[in-house]
Amino acid sequence: MGEAEVRLDVRSIPVKERHARIFATFESLSPGRTLTVVSDHEPRPLRAEFAQRYPGKTVWNQRQIGDGRWEARIERVAHIADSIADTLRQSNMLAGAGEATVLDLAHYTRRAVIKRHHCVVEQRINWPYIGLVDRGMVQAQIPTATGRSQAVYDAFPGDTFGEFALLDRGAIALRFVAVLAGTAVLLIPIDRFRAVMQRERCVAKNIEQAAAQHARATIERYTTHIELSSTARVASALLPFASPGDGLTLASAHLPSMTQTDLATSAGTVKEVVSRALAEMEAFGAVRRQAGHIYLLDRAKLLTLIQRG
């Protein structure tokens, strides 16, 4: 494999064999080379596995191209990011940027640790930053008049958030909340970053793609909310955590620590509805709980529930 980028379309590979094939291919790559995986579903379980196997040593960039087609571009890097400059250097937002740009932004960027379920920034604020997830997970939410929140997308390490305000110079359109313990974000001054976008077109394209993917995720979440029953919406919220194996398999990282309130936010409903839905799904064999937490999921049965609507 001499080329800089290797492509692997796993859609024709049996589901239970996919991850082994992906990791075997990635292991053959030297630092600086990239594996692009084409899949028929959001590769969140795969992303969690990469984070566990290669903490801080990959750059992950995924995008949904259309219905049933996702691409994850996974670059292998030589060393673990342990400084703000390293984190910026290994982020999608600065892919292709010059070293002087990285160092300049690192000088003005600060790292903030956010407590679980605390806001990074509230909606409708003129926020002077563009955010980058350093570790943990940040969820984009829309508050409702009833006091509940509707999640629209999740941002993982290396992902940006707050791009709309960066592009249109308006207020923050969504509320951004840390949903995992130990979440840390980088806060990059928005004026500094706009100057970089004007100088380096590649950076502007990176941000445009991130904003487009977040807009697509938001539209899909609301389409799901309109079209599906509450049980199907809960199943849809759980699906990204389901491993591509046969029968009940271990849920990917983060799900066991999520509460029913977290799931209600993701599914656009209330805790009581989630509780009933989980009991129904457990009776169907789609999930299994231990001490009140979900730890096993059956991907095929979750899909059946979603298809029923």
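Suppose the filter is open to solvent by less than 30 Å² (accessible area, probe 1.4 Å), at positive phi and in contact with a strand residue (DSSP E or B) (Cβ under 8 Å, 6 or more places away or on another chain); does G136 pass it? First the steps, then the outcome.
Details: open to solvent by less than 30 Å² (accessible area, probe 1.4 Å): yes; at positive phi: yes; in contact with a strand residue (DSSP E or B) (Cβ under 8 Å, 6 or more places away or on another chain): yes.
For G136, the condition - open to solvent by less than 30 Å² (accessible area, probe 1.4 Å), at positive phi and in contact with a strand residue (DSSP E or B) (Cβ under 8 Å, 6 or more places away or on another chain) - is met.
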Selection count where residues are among the small types (G, A, S) and either farther than 30 Å from Q260 by Cβ or surrounded by 17 or more Cβ atoms within 10 Å (Cβ to Cβ) (or both), scope the stretch 107-125: 0
Selected residue (criterion: surrounded by the fewest Cβ atoms within 10 Å (Cβ to Cβ)) from residues of the stretch 63-76 that are at pLDDT below 90 and small (G, A, S): G66
Among (1) charged (D, E, K, R); (2) touching a residue at least 12 places away in the same chain (Cβ under 8 Å); (3) more than 21 Å from G56 (Cβ to Cβ), the one test that E17 misses: (2)
Pair list, Cβ under 6 Å, 6 or more apart: the stretch 189-202 residue in contact (Cβ under 8 Å) with a residue 24 or more places away in the chain and open to solvent by 40 Å² or more (accessible area, probe 1.4 Å), other residue of a type in the set (G, A, S) and not in a helix (DSSP H, G or I): C202/G96
Residue selected from the stretch 20-40 under the condition open to solvent by 30 Å² or more (accessible area, probe 1.4 Å) and of a type outside the set (K, R), by the criterion farthest from N92 (Cα to Cα): A20
Positions within the stretch 179-206 being among the hydrophobic types (A, V, I, L, M, F, W, C), assigned to a helix (DSSP H, G or I) and over 18 Å from E99 (Cα atoms), in sequence order: I190
Every pair of residues 6+ apart whose Cβ atoms lie under 6 Å, when the first sits in the stretch 77-106 and is loosely packed, with under 14 Cβ neighbours inside 10 Å while the second is not in a helix (DSSP H, G or I): A78/P31; I80/G56; I80/K57
Selected residue (criterion: most open to solvent (accessible area, probe 1.4 Å)) from residues of the stretch 160-178 that are more than 13 Å from G136 (Cα to Cα) and aliphatic (A, V, I, L, M): L167
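The values are calculated or read from the model by the stated rules, or taken from the named source; none is laboratory data. From a predicted model like this one, the values you see are computed outputs, not experimental measurements. Heads up, the Cβs are rebuilt from the backbone with ideal geometry, glycines too, and the neighbour counts pull from every protein chain shown. Side chains are part of the model used for accessible areas, which takes the heavy atoms of the whole protein and leaves out ligands, DNA and RNA. Shrake-Rupley method; radii C 1.70, N 1.55, O 1.52, S 1.80 Å.
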